[in-house]
Amino acid sequence: MNQMLKKTSSVCTAVVCAASLMFSSSVLVMAADKMDDATKSQIESTAEGLTQTIIPLTADQISAYSESGDAFTESAMTAWASVKDEVGEMKEVGSAEVEYSNDQYTATVPVEFEDEDAEFVYVFDDTMVPTSLAVDIQYSFATTMKNAALNTVMGLGTVFVILCLLILLISLFQFIPGSGAQQQKAKKAAAEAAQATTPSPVESAPVAAAEDNNELIAVIAAAIAAAEGTSTDGFVVRSIRKINRKKR
């Protein structure tokens, strides 16, 4: 039983693989039918001719064609006008490369210019009628690094300007009524005013020392008067000085 199941699964697998190969072959045949040499040659010729016709157009001609009413012509004029000044004068038009996918043809025509090279990318429908054009600039390494440096400088400059504006804005808060800065300023002014109006303390130590000296002078004068048998009116104590006597 198991051997029969294995044989059956093997046969099914082989059938699926064969069907897949047949389907892939049919798709390749259909794609090859869509991209025969005559079709490819016609699309290449059309793309290269359009490129050589579009590039020499003047600004007035581009403006006139932009109002032609044809969708492809207007899109082509817009695509070329947006990069014309950046690439410079044309030097050489290369050979077109054609690809077919999703029921449409894509033809890429490389063009060498004085400043920057570019690729003209055309899209054709099944009837080989052009439907759109895109011009992709192929920037050199030097140009890429230059643009990167400019972007970096612009970014840093933008950040610096924003920081300066923030600092200026924060510094203006002190002039806004009711803000914390105004309240702190008012408290500081009130504290300084209160400190200025507070009277300074009177030094009482010299007065107390003078009172003690007067009492001592009165005592000494009374002792001298008693020893001399006179009154204190007969003499005046000018100064008091302590005499250090040596002990015997």
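The values are calculated or read from the model by the stated rules, or taken from the named source; none is laboratory data. Nothing here was measured: the structure is a model prediction, and the numbers come from that model. In this analysis, Cβ positions are derived from the backbone assuming ideal geometry, glycine residues included, and neighbour counts consider all displayed protein chains. Side chains included, ligands, DNA and RNA excluded: accessible areas come from the protein's heavy atoms. Shrake-Rupley method; radii C 1.70, N 1.55, O 1.52, S 1.80 Å.
Annotations for the structure displayed:
- Which numbered condition Thr127 fails, given (1) assigned to a helix (DSSP H, G or I); (2) open to solvent by 80 Å² or more (accessible area, probe 1.4 Å); (3) under 30 Å from Glu99 (Cβ atoms): (1)
- Within segment 178-205, being at pLDDT 70 or above and open to solvent by 100 Å² or more (accessible area, probe 1.4 Å) holds for Gln184, Lys185, Lys187, Lys188, Glu192, Gln195.
- Selection over segment 46-68 of residues that are more than 16 Å from Val129 (Cα to Cα) and either without any contact (Cβ under 8 Å) to a residue 24 or more places away in the chain or in contact with a helix residue (DSSP H, G or I) (Cβ under 6 Å, 6 or more places away or on another chain) (or both) gives a count of 14.
- Meets criteria (at pLDDT 90 or above and touching a helix residue (DSSP H, G or I) at 6+ places or on another chain (Cβ under 9 Å)) for Pro110: no
- Any hit, segment 33-44, residues being at pLDDT below 90 and not in a helix (DSSP H, G or I): yes
- Picking from residues in segment 130-144 that are small (Gly, Ala, Ser) and under 34 Å from the mean Cα position of the chain (by Cα), the one that is most open to solvent (accessible area, probe 1.4 Å) is Ala142.
- Figure legend. Inter-residue proximity from segment 80-95: first residues more than 18 Å from Tyr122 (Cα to Cα) and free of Cβ contacts under 8 Å to residues at least 60 places away in the same chain, second residues surrounded by 15 or more Cβ atoms within 10 Å (Cβ to Cβ) and of a type in the set (A, V, I, L, M), beta-carbon distance below 6 Å, spacing 6+ or different chains. Indicated pairs: Val87/Ala118; Met90/Ile55.
- Phe173, sole failed condition from (1) modelled with pLDDT of 90 or more; (2) more than 30 Å from Trp80 (Cβ to Cβ); (3) touching a helix residue (DSSP H, G or I) at 6+ places or on another chain (Cβ under 7 Å): (1)
- The residues in segment 99-116 that are within 26 Å of Asp36 (Cβ to Cβ), open to solvent by less than 30 Å² (accessible area, probe 1.4 Å) and either part of a loop (DSSP other than H, G, I, E, B) or of a type outside the set (A, V, I, L, M) (or both) can be counted, and the count is 1.
- Only one of the listed residues (Asn147, Asn151) is free of Cβ contacts under 8 Å to residues at least 12 places away in the same chain, over 16 Å from Glu97 (Cα atoms), open to solvent by 80 Å² or more (accessible area, probe 1.4 Å) and among the polar types (S, T, N, Q). That residue is Asn151.
- One residue stands out among those in segment 154-170 that are within 30 Å of Val87 (Cα to Cα) and open to solvent by less than 90 Å² (accessible area, probe 1.4 Å): the one that is farthest from the chain's Cα centre (by Cα), which is Gly157.
- Being without any contact (Cβ under 8 Å) to a residue 40 or more places away in the chain, out of contact with any His (no Cβ under 6 Å at 6 or more places or on another chain), surrounded by 12 or more Cβ atoms within 10 Å (Cβ to Cβ) and over 17 Å from Gly49 (Cβ atoms) is not true of Glu119.
Each row is one residue, and each column tells you yes or no for (1) at pLDDT below 90; (2) in a strand (DSSP E or B).
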residue: Phe72; (1), (2): no, no
residue: Ala76; (1), (2): no, no
residue: Ala118; (1), (2): no, yes
residue: Tyr122; (1), (2): no, yes
residue: Leu133; (1), (2): no, yes
residue: Lys146; (1), (2): yes, no
